[in-house]
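For reference, the structure discussed in these notes is given below.
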Amino acid sequence: MLKQDGIPSKEELSRVLPSEQRLAQGPVVIAECFQRIPCDPCARRCPRGAFSIGEDINDLPRWDAELCDGCGDCIALCPGMAIFGVDMTYSKDQALVSLPFEFVPRPKPGQMALGLDRGGRELGWFEVADVKCGGEGNKTYVIALKAPRELAMELRQIKAGGYR
Amino acid sequence: MRETEILVIGGGPAGIRAAITAAELGAEVLLCERDGWLGGQLIKQTGKFFGREYAGQRGFEICADLLAKLHNTAKIDIWLDCPVLGIYEDGVVSCQKKDRLEKIKPQRMIIATGAAENFLAFAGNDLPGVISAGAAETLMHMSGVVPAQRALMVGAGNIGLTVSYQMIQSGVEVAAVIEAAPQIGGYLVHASKLARTGVPIKTGYTIQEAYGEGKVEGARIMRLDETWRPIPGSEEDIACDAICLAVGLNPLAELCWQAGCQMELIRELSGHVPLTDENLQTTIEGIYVAGDICGPEEATTAMAEGKLAGANAAASLGYDTEQAQAARLAALAELGELRAGPMSARIKTGLDKLREKGAAKHA
Amino acid sequence: MRIGEHPVLDFDRGKKVRIYYNGQAVEAYENETIAAALHAAGIRRLGESGELHRPRGIYCAIGNCASCLMTVDEQPNTRICIVKCRDGMRVDEQRGRGVLKV
């Protein structure tokens, strides 16, 4: 339970995960944002207007499955580091998972990184497809990992260091 | 004796914002800061901020912008390394400046001295290695020093969660975050980003003892039942060389006490706070307060309060322009927005209680 | 120990200097506090309590508490968490309340 240990339950996650249909259509971002706090960069900075907050800045972001094209610009902008990118159509048998990262050393594309789930449990080794700086002056990086589809909704972190 | 229209005491986010706002409205400002640098605790915050105005910016970046603005504002004089020592009956303020006692006679005063971190009672809490979470942050971000190899964090409010995350960024292994309350007190996004690195967040746990030969070598923690009593047999040992305490803050309000401001004990505001009106003026005319001294909150609210106190202090001196009114309304709107969410419920309850005390006094 | 690479910050430590802790040389930097330099050198004990002589270390590190009082260049009761390092500085553990040098 999120409020007890910081790990969202299946039920909590079901409120923010996109439909299977939408996932099958192409890349998306997922805001794992469950608590009303005063915050709005996702809505302010999305180039396609896929997130909206509304009148009260404390409201949870509403995500529009049709407007989001999964570009992932928001991943490194979310102050809560709560937005992830998932592309279930990445290749014939693999998905691409993009996550925000603020540790050193950072992995290099082509290396293998130890993947972790929302509770920090090890999921195995994943190939790093891309490492991207979040923009000028933004020290949050976005790491893209190739993952089997069945782990795309589990993989949310990599262990810093120890890449191979 | 130095005379000034407005004296701002404390160069953290609230004091800096107050100084800028008042000076922009035309008032002559003297800002006294006890340390040799400005920025208070904001200068060492590496996490990204929430809120509207500063969302996405890191604390130290916001601080740099604020300082640039401060130095570009005319009519602000800054005294560093200058702790204010006393406020006297005739409105004279004494401070220590370069090993000398200086006197200041301001027409208005804005006290923005912030808050201090709480301590916690448990066996062995005086062992070297038991440090405040803020101390870990100071060591890491002001001096680039690793605070510990393996640390236990006590407290899962925003400070406990964010400093734990920062420790990982600095190469510390965080053994666990324990929290006596049954639920995490800080933002859940902070908790989640910590949880996915593998740090266990254990709610309903307390620290029973710190042990070690001359310094911390470990901690014994215990689970609490629904009535917050330790459950016998639930002891766990955690090997660590630092125990960081993030168990709340209390307002640094000594100067308000000394000046004779009416003080109220409000649990939701974390201790004794000066009674204020909607302009953040205390019960002593001409003395205003802003920031954590009014009840520890966020740097965003501290800056908004600084703006409010600065505008009101300047307006009361006759700089009561449309611009002052606009600044006042903007600050109030900002505070309203920042405090609208459920995470501000406690502060809002505290502020309501404080206003009730104020109303009772008038009646 | 000092932080090497940091994901967000760059550190401007300034010039390397040497301070003396109870006579023992400690590498330090001029932009860091005495408390930070001693902590980086692995020194946790800064003094002892007055009655029970229990060891004392830093607590708040920003000058609020009085846990880090030491004698610095013969000035007792110096809060070493807010005093920056200077080359040749002598930082000594204090016994008792200390006597102010006038």
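As for the stretch B:216-227, it holds at least one residue that is within 13 Å of another protein chain (Cβ to nearest Cβ) and within 28 Å of the chain's Cα centre (by Cα).
Taking first residues from the stretch B:250-263 that are free of Cβ contacts under 8 Å to residues at least 40 places away in the same chain and partners that are assigned to a loop (DSSP other than H, G, I, E, B) and surrounded by 22 or more Cβ atoms within 10 Å (Cβ to Cβ), the Cβ contacts under 6 Å between residues at least 6 apart in sequence or on separate chains come to B:CYS261/B:THR282.
Of the strands (runs of 3 or more DSSP E) lying entirely inside the stretch B:243-291, those containing at least 2 residues that are of a type in the set (A, V, I, L, M, F, W, C) are B:263-266, B:287-289.
Between B:ALA326, B:ALA360, B:ALA333, the distinction of being modelled with pLDDT under 95, in a helix (DSSP H, G or I), surrounded by fewer than 18 Cβ atoms within 10 Å (Cβ to Cβ) and among the hydrophobic types (A, V, I, L, M, F, W, C) belongs to B:ALA360 only. A single entry from B:THR349, B:THR300 fulfils the requirement of being in a helix (DSSP H, G or I) and touching a strand residue (DSSP E or B) at 6+ places or on another chain (Cβ under 7 Å): B:THR300. Does A:VAL86 satisfy being buried (at least 22 other Cβ atoms within 10 Å of the Cβ), within 21 Å of A:LYS159 (Cα to Cα), more than 14 Å from chain B (Cβ to nearest Cβ) and touching a helix residue (DSSP H, G or I) at 6+ places or on another chain (Cβ under 8 Å)? The answer is yes for A:VAL86. Taking each residue of the stretch C:5-22 that is small (Gly, Ala, Ser) and looking for partners that are in a loop (DSSP other than H, G, I, E, B) with beta-carbon atoms closer than 6 Å, six or more apart or interchain, yields C:GLY14/C:GLU30; C:GLY14/C:ASN31. Only residues that are touching a residue at least 24 places away in the same chain (Cβ under 8 Å) and in contact with a Leu (Cβ under 7 Å, 6 or more places away or on another chain) were counted in the stretch A:2-19, giving 2. Restricting attention to the stretch A:108-144, which residues are part of a loop (DSSP other than H, G, I, E, B) and within 13 Å of another protein chain (Cβ to nearest Cβ)? If the condition is that a residue be part of a loop (DSSP other than H, G, I, E, B) and within 13 Å of another protein chain (Cβ to nearest Cβ), then A:ASP117, A:ARG118, A:GLY119, A:GLY120, A:ARG121, A:GLY134, A:GLY135, A:GLU136, A:GLY137, A:ASN138, A:LYS139, A:THR140 are the ones that fit.
Go through the stretch B:117-138 and report how many residues are part of a strand (DSSP E or B) and either in the same structural domain as B:GLY40 (by TED's automatic domain parsing) or touching a helix residue (DSSP H, G or I) at 6+ places or on another chain (Cβ under 6 Å) (or both).
The number of residues fulfilling the criteria is 1.
Taking the stretch B:240-282 as the range and being closer than 21 Å to B:ALA331 by Cβ and of a type outside the set (A, V, I, L, M, F, W, C) as the test, the residues that pass are B:PRO251, B:PRO274, B:THR276, B:ASP277, B:GLU278, B:ASN279, B:GLN281, B:THR282.
Applying the condition of being aliphatic (A, V, I, L, M) and more than 11 Å from every other protein chain (Cβ to nearest Cβ) to the stretch B:121-166 and asking which residue is farthest from the chain's Cα centre (by Cα) yields B:ALA123. Residues that are closer than 21 Å to C:ALA28 by Cα and in contact (Cβ under 8 Å) with a residue 40 or more places away in the chain within the stretch C:42-71 comprise C:GLY42, C:ARG45, C:LEU46, C:GLY47, listed in sequence order.
Once the stretch A:111-164 is narrowed to residues that are crowded, with 20+ Cβ neighbours inside 10 Å and aromatic (Phe, Trp, Tyr), the residue that is farthest from A:ALA24 (Cα to Cα) is A:TYR141. For the stretch B:102-122, filtering for residues that are surrounded by fewer than 18 Cβ atoms within 10 Å (Cβ to Cβ) and among the basic types (Lys, Arg) leaves 2. For the stretch B:228-252, filtering for residues that are more than 15 Å from B:VAL130 (Cα to Cα) and either over 29 Å from the mean Cα position of the chain (by Cα) or within 14 Å of chain A (Cβ to nearest Cβ) (or both) leaves 9.
Check the stretch A:4-14 and report whether any residue there is within 14 Å of chain B (Cβ to nearest Cβ) and more than 17 Å from the chain's Cα centre (by Cα).
yes
Among the conditions (1) of a type outside the set (Lys, Arg); (2) surrounded by fewer than 20 Cβ atoms within 10 Å (Cβ to Cβ); (3) over 24 Å from B:CYS63 (Cα atoms), B:THR282 misses just one, which is (2). Looking at C:ARG90, C:ARG95, C:ARG79, C:ARG54, just one residue is of a type outside the set (Ser, Thr, Tyr), at the interface with chain B (Cβ under 9 Å from one of its Cβ atoms) and at negative phi, and that residue is C:ARG54. The set of residues in the stretch A:89-101 that are over 11 Å from the mean Cα position of the chain (by Cα) and either charged (D, E, K, R) or surrounded by 22 or more Cβ atoms within 10 Å (Cβ to Cβ) (or both) comprises A:LYS92, A:ASP93, A:ALA95. Remark: pairs (first residue in the stretch B:69-90, without any contact (Cβ under 8 Å) to a residue 12 or more places away in the chain; second residue among the acidic types (Asp, Glu); Cβ separation under 7 Å; 6+ apart in sequence or on different chains) are absent.
The values are calculated or read from the model by the stated rules, or taken from the named source; none is laboratory data. Small disclaimer: the values here were computed from a predicted structure and weren't measured. Ideal geometry is used to build each Cβ from the backbone, glycine not excepted, and the neighbour counts take in all protein chains shown.
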